[in-house]
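The values are calculated or read from the model by the stated rules, or taken from the named source; none is laboratory data. No experiment lies behind these values; they were computed from the predicted model shown. So basically every Cβ, Gly included, is an ideal-geometry build from the backbone, and we count neighbours across all protein chains shown.
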Amino acid sequence: IAGTGSNATHEAIRLSQHAQDDGVDAILLVNPYYNKPTQKGLYLHFKAIADSVSIPCILYNIKGRTGVNLETQTLEKLVGDCKNIVAVKEASGDLSQMGNVIRGRKAGFFVLSGDDNLSLELIKMHGDGVISVASNLFPAEMTQMVSAALSGDFVKAEKINSWFAEFFKVCFIETNPIPIKTAMAYKGFCKEIFRLPLCSLENEEHRKSLISCIDRMIKEHY
């Protein structure tokens with residue numbers, strides 16, 4: 001899945017077509033940021049991108065980072081009008097809105113959490129999973145939690161979710177994705193190098209909290 005979103009529709013189309021030509025399975029399209037379009041503008045933006053490609057499109061609704069919320073009615077219209085819009089990554093933080101999206105969706109449309117800490121609640125409302133931050137470091141455990149929840153084994157899912165709880169918090173101790181990349185570097189998966197304007201964890205107490213959490217999770221594996 002390639003992230004090809006932009007707040008300029010023509011640029012998002014260019015990136016999406018480029019990704020399609022490169023053979024990606026799907027594209028992830030974030031709400032246009034900064035310019036705060038109306039719901040009509042959001043509809044026209046996403047429809048233009050979806051119409052420009054044939055591969056599956058996943059919309060990414062994250063008001064906190066873009067300044068605009070993709071409302072349920074707008075999403076439903078897009079899904080009805082664009083056959084290749086197949087899922088939404090819901091990071092509005094609004095469980096009520098997520099529930100409305102799930103109840104009103106058509107068959108074959110997937111509702112995925114964009115917040116690790118709300119993934120289990122979303123699945124309890126008959127959502128479909130998560131596009132996760134924490135899974136970068138703990139992919140097997142996140143997969144096990146989601147699989148357990150989707151199969152109805154909420155006892156196991158709750159146990160794993162509790163094991164994750166502190167990590168979900170420290171992943172946002174500073175701006176995401178700084179903490180998760182720091183964690184990945186600590187475990188040797190990458191170098192702790194950031195492209196500006198992101199930079200290394202500044203607060204040493206935050207760094208200690210992050211590393212301590214990781215070490216404890218590995219030692220006290222559920």
### Query
When residues of the stretch 128-144 are filtered for being out of contact with any helix residue (DSSP H, G or I) (no Cβ under 6 Å at 6 or more places or on another chain), surrounded by 20 or more Cβ atoms within 10 Å (Cβ to Cβ) and farther than 19 Å from H221 by Cβ, how many remain?
0
### Query
Does S147 fit the bill of being without any contact (Cβ under 8 Å) to a residue 12 or more places away in the chain and closer than 21 Å to M217 by Cβ?
yes
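Among the residues in the stretch 203-214, are any part of a helix (DSSP H, G or I), of a type in the set (K, R) and assigned by TED's automatic domain parsing to the domain that holds E141? Explain how you work it out, then say what you get.
Going residue by residue through the stretch 203-214, those that are part of a helix (DSSP H, G or I) are 204-214.
Still in the list and also of a type in the set (K, R): 207-208.
From what's left, assigned by TED's automatic domain parsing to the domain that holds E141: 207-208.
Checked the stretch 203-214: at least one residue is part of a helix (DSSP H, G or I), of a type in the set (K, R) and assigned by TED's automatic domain parsing to the domain that holds E141.
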### Summary
A careful count of residues in the stretch 143-185 that are of a type in the set (A, V, I, L, M), over 17 Å from the mean Cα position of the chain (by Cα) and within 19 Å of P197 (Cβ to Cβ) gives 2
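The rows are residues; the columns are (1) crowded, with 20+ Cβ neighbours inside 10 Å; (2) under 21 Å from the mean Cα position of the chain (by Cα).
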{"position": "A2", "(1), (2)": "no, yes"}
{"position": "N7", "(1), (2)": "no, yes"}
{"position": "L15", "(1), (2)": "no, yes"}
{"position": "A19", "(1), (2)": "yes, yes"}
{"position": "A50", "(1), (2)": "yes, yes"}
{"position": "R65", "(1), (2)": "no, yes"}
{"position": "E71", "(1), (2)": "no, yes"}
{"position": "K77", "(1), (2)": "no, no"}
{"position": "D81", "(1), (2)": "no, no"}
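Considering the stretch 149-196 alone, what residues qualify as being of a type in the set (A, V, I, L, M), more than 14 Å from F138 (Cβ to Cβ) and surrounded by 14 or more Cβ atoms within 10 Å (Cβ to Cβ)? Walk me through it before giving the result.
Here is the first cut: in the stretch 149-196, the residues of a type in the set (A, V, I, L, M) are 149-150, 155, 157, 160, 165, 170, 173, 178, 180, 183-185, 193, 196.
After this cut, where a residue has to be more than 14 Å from F138 (Cβ to Cβ) as well, the list is 149-150, 155, 157, 173, 178, 185, 193, 196.
A149, L150, A157, I173, I178, A185, listed by residue number.
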### Query
Mind checking which residues of the stretch 103-120 are in contact with a strand residue (DSSP E or B) (Cβ under 8 Å, 6 or more places away or on another chain) and surrounded by fewer than 19 Cβ atoms within 10 Å (Cβ to Cβ)?
G108, F109, F110
### Task
Determine the pairs where a residue that is under 11 Å from V30 (Cα atoms), located within the stretch 63-84, has a partner that is part of a helix (DSSP H, G or I) and of a type outside the set (D, E, K, R) with Cβ atoms under 6 Å apart, the partner being 6 or more residues away or on another chain.
L70/L42
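Got at least one residue in the stretch 92-99 being closer than 30 Å to K159 by Cβ, part of a strand (DSSP E or B), aliphatic (A, V, I, L, M) and not assigned by TED's automatic domain parsing to the domain that holds V146?
Within the stretch 92-99, the subset closer than 30 Å to K159 by Cβ is 92-99.
Now narrow it down to the ones that are part of a strand (DSSP E or B): none.
Within the stretch 92-99, not a single residue is closer than 30 Å to K159 by Cβ, part of a strand (DSSP E or B), aliphatic (A, V, I, L, M) and not assigned by TED's automatic domain parsing to the domain that holds V146.
So which residues in the stretch 199-215 are surrounded by fewer than 13 Cβ atoms within 10 Å (Cβ to Cβ) and either of a type in the set (D, E, K, R) or in contact with a helix residue (DSSP H, G or I) (Cβ under 7 Å, 6 or more places away or on another chain) (or both), if there are any at all? Break it down stepwise before answering.
Taking the stretch 199-215 and keeping what is surrounded by fewer than 13 Cβ atoms within 10 Å (Cβ to Cβ), we get 199, 202-205, 208, 212, 215.
Scanning the stretch 199-215 gives E202, E204, E205, K208, D215.
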### Task
Filter the stretch 121-138 down to residues that are part of a helix (DSSP H, G or I) and farther than 20 Å from Y60 by Cβ, then give me how many there are.
1
